[in-house]
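Just below is one structure, and these are the notes that go with it.
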Amino acid sequence: MSMECVVQGIIETQHVEALEILLQGLCGVQRERLRVHELCFKSGPNLGVVSSEVRLLCDLDQPEPTWTVKHVGGPMRGAGADQISVMVRTMIESKVSKNALRMFYALGYKLDHELLKVGFAFHFQRTAHISVSVSSVNKMPKVHAVDEAVPVTPGMQIVDVTAPATPENYSEVAAAVSSFCEFLAPLVHLSKPFISTGVVPTAAAAAASLMSDGGGTTL
């Protein structure tokens with residue numbers, strides 16, 4: 001069974017450049033551009049009583065757009081889950097062809113909503129394979145109108161930190177993600193998804209310090 005550890009937060013757009021400088025120093029790899037069209041499908045009544053949700057992700061930044069289907073399960077619950085600061089949930093994903101969109105409609109899935117995420121990401125190894133994405137989330141005024149997308153929350157961007165895990169190592173991976181997030185604390189507070197924590201009061205001062213330093217400080 002595949003799992004992932006995930007935390008999320010928000011940052012004001014004016015501080016994103018400082019966060020990028022910090023991430024560049026921490027991760028030691030070049031950033032990758034991010035432009036992903038995300039379509040969320042929900043199952044129809046012909047697919048069973050229990051509703052299911054799948055996401056179809058199209059990476060628009062590739063010369064030839066690539067497609068991935070992803071199913072995210074519910075979060076781990078219980079005393080163990082309450083004691084860690086990251087969400088651990090089941091996750092299945094696979095590369096698919098561009099015909100996947102037509103297939104989901106044919107199976108009886110209904111398009112619930114779609115988003116365009118634009119920003120950048122870092123992928124690096126630190127005990128676990130950790131991915132950090134910083135993106136503005138945009139909505140489409142009409143179906144599949146990617147070029148007409150407008151920001152959902154102008155002036156704010158979403159920060160996601162994820163790492164794949166297994167039932168055997170999720171505790172170790174969660175600890176690695178949590179430890180990494182401590183370095184980002186002056187700029188963005190990261191917590192389990194759906195728990196609103198707002199922006200960090202120290203972000204402006206931390207950003208100013210990073211910008212004046214030019215990213216020369218290595219943490």
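The values are calculated or read from the model by the stated rules, or taken from the named source; none is laboratory data. Note that the coordinates shown come from a computational prediction; the quantities given were computed from them, not determined experimentally. Methodologically, a virtual Cβ is constructed for each residue, glycine included, from the backbone with ideal geometry; neighbour enumeration extends over all protein chains shown. Surface areas here come from the heavy atoms of the whole protein model, side chains and all, with no ligands, DNA or RNA. Shrake-Rupley method; radii C 1.70, N 1.55, O 1.52, S 1.80 Å.
Based on the Stokes-Einstein relation at 20 °C and a viscosity of 1.002 mPa s, and on the Kirkwood radius from alpha carbon pairs, the chain is assigned a translational diffusion coefficient of 115 µm²/s. The apolar share of the surface of the chain, taken as the fraction of accessible area on carbon and sulfur atoms (1.4 Å probe, ligands and nucleic acids excluded), comes to 55 percent. For a straight C-alpha distance cut-off of 24 angstrom, the lysines reachable from residue 98 (same-chain residues fewer than eight places away being disregarded) are 42, 70, 110, 117, 139, 142. Computed from point charges on the beta carbon alone (+1 for Lys and Arg, -1 for Asp and Glu), the dipole magnitude for the chain about its Cα centre is near 600 Debye.
If you wrap region 51-180 in the convex hull of its Cα atoms and look at it from every side, the mean projected area works out to 10.0 nm². Among residues other than residue 207 whose Cβ falls under 13 Å from its Cβ, what is the net charge (Lys/Arg +1, Asp/Glu -1)? That works out to -4. Using equal-weight Cα scatterers in the Debye expression, the normalised intensity of region 126-219 in log10 at q = 0.22, 0.23 Å⁻¹ is -1.17, -1.21. The label-point distance for residue 38 and residue 13, in a model that sets each label 7 Å from Cα toward Cβ, rounds to 1.8 nm. The GNM of the chain, with springs linking C-alpha atoms under 10 angstrom apart, assigns the highest mean-square fluctuation among 103, 87, 156 to 103. The solvent-accessible area of residue 68, taken with every protein chain present and a 1.4 Å probe, is close to 20 Å².
Can you tell me the relative contact order of region 78-219? Whole percent, Cα pairs under 8 Å, sequence separation 6 or more. Relative contact order of region 78-219: 19 percent. Considering only the other residues whose Cβ falls under 10 Å of the Cβ of residue 69, what net charge follows from Lys and Arg at +1 and Asp and Glu at -1? Neighbour charge sum, excluding residue 69 itself: +2. Of the residues 55, 126, 35, the one that moves most in a GNM of the chain with alpha-carbon contacts below 10 Å is 126. Placing dummy labels 7 Å off each Cα toward the beta-carbon, the span from residue 29 to residue 71 is 2.8 nm. Between residue 194 and residue 127, the simple spin-label model (points 7 angstrom out along Cα→Cβ) gives 2.6 nm. Surface exposure of region 83-219, expressed per residue as accessible area with a 1.4 Å probe, stands at 55 Å². Plainly put, region 166-207 has a radius of gyration that is 1.09 times its Kirkwood radius, both from alpha-carbon atoms, as the Rg/Rh ratio.
Against the criterion of solvent-accessible heavy-atom surface with a 1.4 angstrom probe, 37, 123 sort, most first, into 123, 37.
Below 8 Å between Cα atoms, with a sequence gap of 6+, how large is the relative contact order for region 1-113 in percent?
31 percent.
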